[in-house]
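S.K.: Structure incoming, see below.
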Amino acid sequence: MTVNTQPALLDVQNLRVRFGAKEVVCGVHFAIAPGEKLALVGESGSGKTLTALSLLRLAGEAQISGQALLRGRNLLSLSEREMRGVRGGEIAMVFQEPMTALNPLMPVGQQIAEILLLKKGLTGAACAQAAIDLLAQTGIPEPARRAKALPHQLSGGQRQRAMIAMALASEPALLLADEPTTALDVTLRAQILDLLSELQRRRGMAVLLITHDLNLVRRFADRVAVMEHGVLVEQGPVAEVFKAPQHAYTRRLIASQPRRDVLDTPPPPGTQPCLQTGALRVAYPTPLPGLRGWFRKGEFVAVQNATLQLLPGQTLGVVGESGSGKSTLAQAILGLLPHGGTLTVAGQGWQSPSTRNTPANQALRRQVQVVFQDPFSSLSPRLTVEEIVGEGLRVHAPQLTQAERRTRVEAALAEVGLDPAQDPGLLARYPHAFSGGQRQRLAIARALIVQPRLLVLDEPTSALDVTIQQQVLALLQRLQREKGLAYLLITHDVEVIRAMAHTVLVMKDGEVLETGPVHQVLDAPQHPYTQRLVAAARLDPA
């Protein structure tokens, strides 16, 4: 790798960010040369996003000191009027979740045109055409039509491309990219990385990439800076830091990859499956255009001809892009959607979803529980830990007294590494008082307390940092070994599949394209789509 010897475009010196008496960014130093790609890496709470927001003076009520010299001008001493020219002009930002960053009531083309009007002075037809051209540069198909779409009418990858088009509208010298691919599937992630690299080369702009994804850093960045608890502990060229990390925290981050620790011995012959489907089909009614829609409905087939089997103590990994039918398959298995074909859980089938509260369905629901992707949104903010974890017992074991229920709650929490005996106030706290990893442990305890045979894990680690992800996966592996649990693991993270699954099922557009033992499917994929998926997941350095 050649060393960039140009004068720094941005030179950050002794940056400190304080909220009241608490200093959260502690004397950070780094520089970015024109056309350079620097990755700022660390776990949640390390201060990396706050560092970027401080450069644009968007850190709320924070007290900021030090220097951030952009072409010799200190951003931290400019007036608010001068900063308005810098934001979205010389420095632009791409946020992690475009659905919350885009205006939901305005077509994306109009949102891009707004930037062109403010920063470039374009008006009318020129503004609209320039917005379409920017969308075309990001690779969105049919850019003229997509420009008229509202954000919810675009896919996740298309929304992120629209955000990138907005950021590039003012031709910035520096792009701040805050976790730009975390919410995307592996193939879309690779596409966005390639797009950013191509646009960066074409325009000669510098990029500050904020991420906790080390594979992404290997693929994209020239240099890497590592933050821990607000302190920049190490920085240097990517190849050197990854080959010989100097700081203990950097070494721990690099080592925090999913590790396989499961029992690979299959259950004895004749073991009854926890889950079995045959030619499973799920379809949604859709309106037909014109007069036909008055008399009958069309249908959209979300899952078709899905045949699978899951034995006790085994994990079936379901992998595919967004829209492949993974979540629809999970909802049918949970008895939440009507379906065709056959489906049995613990040897029993669901009764019609229209009568899902029957005693038979309720008894079956105890056998299969679910852990969701985002624990913060899946845990009620109005309930305490004791109420959240013990909620299932009120339904499935109403005969228990309050004292017996509390004993079961305490035991379930201890199983997932949250021991009330060591934290006396634990049961009375609310979800907001916990970290992301702790909230996911609460979600697992809530699922386990009714003693299910099957857990549906819907992207259980995608919202977590690498070190926390490793801890949660190790917990799930231990619980499976001790309890003989079966897992249906839904994810787009191929490395998590490699660490957890015994068999893999690959889906695309509602169809099962390939299935088989995990090493067979991932090491020697037969279908071209599986080959692309595995190749995209590697994110080898370009």
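The values are calculated or read from the model by the stated rules, or taken from the named source; none is laboratory data. Remember, it's a predicted structure, so these values are computed and weren't measured experimentally. In this analysis, Cβ positions are derived from the backbone assuming ideal geometry, glycine residues included, and neighbour counts consider all displayed protein chains. In case anyone asks, the SASA skips ligands and DNA or RNA and just uses the protein heavy atoms, side chains included. Shrake-Rupley method; radii C 1.70, N 1.55, O 1.52, S 1.80 Å.
S.K.: Can you list the equivalent-ellipsoid semi-axes of the stretch 449-516, largest first and in whole Å, using the square root of 5 times each Cα gyration tensor eigenvalue? Kindly include the intermediate steps, with their values, before the conclusion.
M.R.: On the way: eigenvalues 87, 53, 23 Å².
In descending order, the three semi-axes are 21, 16, 11 Å.
S.K.: Measure up 120/148; 48/508; 22/119 against 28 Å on the Cα-Cα distance and list the ones that go over.
M.R.: Table pairs above 28 Å Cα-Cα are 48/508; 22/119.
S.K.: Could you please state how large a percent of the accessible area of the chain is carbon and sulfur, counting protein chains only and using a 1.4 Å probe?
M.R.: 52
S.K.: Positive end of the charge dipole of the chain (Lys, Arg +1 and Asp, Glu -1 on Cβ, about the Cα centre): tell me which of 220, 443, 345 has its Cα farthest that way.
M.R.: 345
S.K.: Then there is this: Averaged per residue, what accessible surface does the chain expose to a 1.4 Å probe, in Å²?
M.R.: Details: 24320 Å² over 542 residues.
Using a 1.4 Å probe on heavy atoms only, each residue of the chain averages 45 Å².
S.K.: Here's something else I'd like to know. Once ligands and nucleic acids are excluded and a 1.4 Å probe is used, how much of residue 281 is accessible, expressed in Å² to the nearest 10?
M.R.: Approximately 100 Å² of residue 281 is accessible to the 1.4 Å probe.
S.K.: Give me the Debye-computed log₁₀ of I(q)/I(0) at q = 0.12, 0.15 Å⁻¹ for the stretch 156-262, equal point scatterers on Cα only, no solvent, two decimals.
M.R.: Relative scattering, expressed as log10 I(q)/I(0), comes to -0.47, -0.71.
S.K.: Let me ask another. Once Lys and Arg get +1 and Asp and Glu get -1 on their Cβ, which of 207, 230, 488 lies farthest toward the positive end of the dipole of the chain?
M.R.: Value computed over the given set: 488.
S.K.: Given (i) 23; (ii) 39; (iii) 30 as candidate values of percent of Cα pairs over 37 Å apart, which corresponds to the one derived from the coordinates?
M.R.: Step by step, percent of Cα pairs over 37 Å apart for this structure corresponds to label (ii).
S.K.: Say each of residue 13 and residue 524 gets a label point 7 Å from the Cα, pointing the same way as Cα to Cβ; how far apart are those two points in nm?
M.R.: 6.1
S.K.: Kindly sort 503, 407 by accessible area of their heavy atoms, largest first, with the probe set to 1.4 Å.
M.R.: Values: 503 50, 407 85 Å².
Final ranking, largest accessible area leading: 407, 503.
S.K.: Sticking with this one: For the chain, find the longest principal axis of its Cα atoms and tell me its angle to the long axis of helix 402-415, 0 to 90°, nearest 10.
M.R.: Roughly 60 degrees, rounded to the nearest 10.
S.K.: Apply 1/(1 + (r/R0)^6) to the Cβ-Cβ distance of residue 382 and residue 22, taking R0 = 25 Å, and write down the FRET efficiency to the nearest 0.05.
M.R.: Approximately 0.35, to the nearest 0.05.
S.K.: Mind putting a number on the dipole of the chain about its Cα centre? Charges go on the C-beta only, +1 for Lys and Arg and -1 for Asp and Glu, and I need it in Debye to the nearest 20.
M.R.: Roughly 760 debye for the chain.
S.K.: Turning to a different aspect of this structure: Which ³J(HN,Hα) values, rounded to whole Hz and listed in residue order, are derived for the stretch 105-111 from phi using the Karplus coefficients 6.51, -1.76 and 1.60 in 6.51 cos²θ - 1.76 cosθ + 1.60 with θ = phi - 60°, glycine and proline given as x?
M.R.: 9, 10, x, 5, x, 5, 5
S.K.: Quick one: helix 124-137 against the long Cα principal axis of the chain, what's the angle to the nearest 10°, folded into 0 to 90?
M.R.: The two axes meet at around 60 degrees.
S.K.: Say the dipole of the stretch 115-248 comes from +1 at the beta carbon of Lys and Arg and -1 at that of Asp and Glu; which of 137, 154, 123 then lies farthest toward its positive end?
M.R.: Of the listed residues, the answer is 123.
S.K.: Taking the 0 to 90 degree range and rounding to the nearest ten, how far is the long axis of helix 466-483 tilted relative to the main principal axis of the chain, both from C-alpha atoms?
M.R.: That works out to roughly 10 degrees.
S.K.: When the helices in the chain are scored as -39500 (n - 2.57) per DSSP H run of 4 or longer and the sum is shared across all residues, what 222 nm value do you end up with, to the nearest 500 deg cm²/dmol?
M.R.: The helix-only estimate for the chain comes to -10500 deg cm²/dmol at 222 nm.
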